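Read through the structure below, which is laid out as structure tokens, and then see the notes.
The values are calculated or read from the model by the stated rules, or taken from the named source; none is laboratory data. Every value quoted in this text rests on a predicted model; they were computed, and no experiment measured them. Every residue, glycine as well, gets a Cβ built from its backbone with ideal geometry; the counts of neighbours run over all protein chains shown.
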Amino acid sequence: MTIAEAYTQTVQQLETVYDSREAASVTDLLMESRFGIRRIDRIIRKLDLITEPQLAQLLTDTQELLSNRPVQYVLGQAWFDGLLLKVNEHVLIPRPETEELVHWVAEGATAGGLTAAQGAGAGEIVQGAGATAQGGGPSYTDADARPGSGIIILDIGTGSGCIPVALFRHLPGANLHAVDVSTDALAVATENARNSGARIEFYVQDFLVESNWPQLPVPHILVSNPPYIALAEQNAMHDRVLNQEPHLALFVPDEDPLLFYRKLAGFAMQRMQTESLVYAEINEALGKETRSLWEETGLTEIIVKKDLQGKDRMIRAKRP
């Protein structure tokens, strides 16, 4: 079978579960990730024969995709902010809107108004129950000149670790910490940090339990992409998300959809110091409600920001 024939056959099979454009994109991703065959290669080498092992792998992958398993889980990897990260069923697949949140945090950390003198100093960092992943990363002749130097950032519900790993690239001088209740998720996050050379301290902790908070560092920046989908919204979700991605990272009770935002604001008011910043990804339908909740809690200078699709997707506030 030629490369062109294998490609066409795969696209046709995937069109039973994807639309035509998605089927083509997924097939492109499969062939490049598995065999290094890019789109241009398919044109130039379309009459080259695909090997038997390659064809067997392609058929196996196709069967998994036909069962609505996301292509990122099939490949075991996903791109995020220019980084190739490991993913599996224990973590959410990183989304483009979370990249936008990372960029917003990085901009806020380097805007000039936030310094390491605010919040807790390095001596107040508490060693977590998780592992510390250390590596190389960008090098600077003057350590104090590194972007984010001395700033403490804490990510709540880190999952794959995509947020702190990406922030390390933007802010290599920052002290990065991340929390998740799932040890399986933290295993993935630790591997991603190690593979990317990011220095991150991980903590196994249920953030919803306030008595756990003193075990965490006092950050200058708190960031989170928490669960925010109400259980009642399940019927509107694609099976590829609903039946494949971890519910622990997706859903909150119908009667308390802002549960995590209440806890984030509570942590900020109880543990963080004046002028510290809080960022979070939000449910696009609850921007006004999230803002109101944070205002009632005492946070100030609240901004609800739209993503590139024009949806209310992020929120930022200051701890007065």
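Every residue in region 172-187 that is in contact with a Ser or Thr (Cβ under 8 Å, 6 or more places away or on another chain) and surrounded by 23 or more Cβ atoms within 10 Å (Cβ to Cβ), please.
Once the filter is applied, which keeps residues that are in contact with a Ser or Thr (Cβ under 8 Å, 6 or more places away or on another chain) and surrounded by 23 or more Cβ atoms within 10 Å (Cβ to Cβ), region 172-187 yields 174, 178, 179, 180, 185, 186.
Please go through region 61-83 and give me each residue that is of a type in the set (A, V, I, L, M, F, W, C) and closer than 17 Å to residue 10 by Cα, ordered by number.
Of everything in region 61-83, those that are of a type in the set (A, V, I, L, M, F, W, C) and closer than 17 Å to residue 10 by Cα turn out to be 65, 66, 71, 74, 75.
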(request) Please identify the pairs in which a residue from region 202-215 that is without any contact (Cβ under 8 Å) to a residue 24 or more places away in the chain has its Cβ atom under 6 Å from the Cβ atom of a residue that is surrounded by 13 or more Cβ atoms within 10 Å (Cβ to Cβ), counting only partners at least 6 apart or on another chain. (result) 212/205
(message) Residue under question is residue 11, and the condition is that it be under 26 Å from the mean Cα position of the chain (by Cα) and at pLDDT 95 or above; does it hold?
(response) no
(request) From (1) part of a helix (DSSP H, G or I); (2) crowded, with 18+ Cβ neighbours inside 10 Å, pick out the condition that doesn't hold for residue 223. (result) (1)
(message) Looking only at helices (runs of 4 or more DSSP H) that lie completely in region 15-110, which have at least 2 residues being of a type outside the set (Lys, Arg) and not assigned by TED's automatic domain parsing to the domain that holds residue 238?
(response) 20-35, 39-44, 52-66, 71-75
(request) Would you please name the residue that is farthest from residue 185 (Cα to Cα), looking only at residues in region 242-260 that are touching a residue at least 40 places away in the same chain (Cβ under 8 Å) and in a helix (DSSP H, G or I)? (result) 259
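For residue 270, state whether it is closer than 30 Å to residue 65 by Cα and in contact with a helix residue (DSSP H, G or I) (Cβ under 9 Å, 6 or more places away or on another chain).
Judged against the criteria, residue 270 is not a match.
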(message) Pairs please, first residue from region 157-183 and assigned to a loop (DSSP other than H, G, I, E, B), second anywhere and among the polar types (S, T, N, Q), Cβ atoms under 7 Å, 6+ apart in sequence or on different chains.
(response) 157/224; 157/225; 160/192; 161/192; 173/149; 181/205
(message) Restricting to region 190-203, count the residues that are in contact with a helix residue (DSSP H, G or I) (Cβ under 8 Å, 6 or more places away or on another chain), assigned to a helix (DSSP H, G or I) and not polar (S, T, N, Q).
(response) 1
(request) Would you point out which residue out of 148, 157, 161, 197 is among the small types (Gly, Ala, Ser) and surrounded by fewer than 19 Cβ atoms within 10 Å (Cβ to Cβ)? (result) 197
(request) Among the residues of region 1-14, write down those that are free of Cβ contacts under 8 Å to residues at least 40 places away in the same chain and either part of a loop (DSSP other than H, G, I, E, B) or within 18 Å of residue 74 (Cα to Cα) (or both). (result) 7, 11
(request) Can you confirm whether region 234-241 contains a residue that is of a type in the set (Asp, Glu) and within 21 Å of the chain's Cα centre (by Cα)? (result) yes
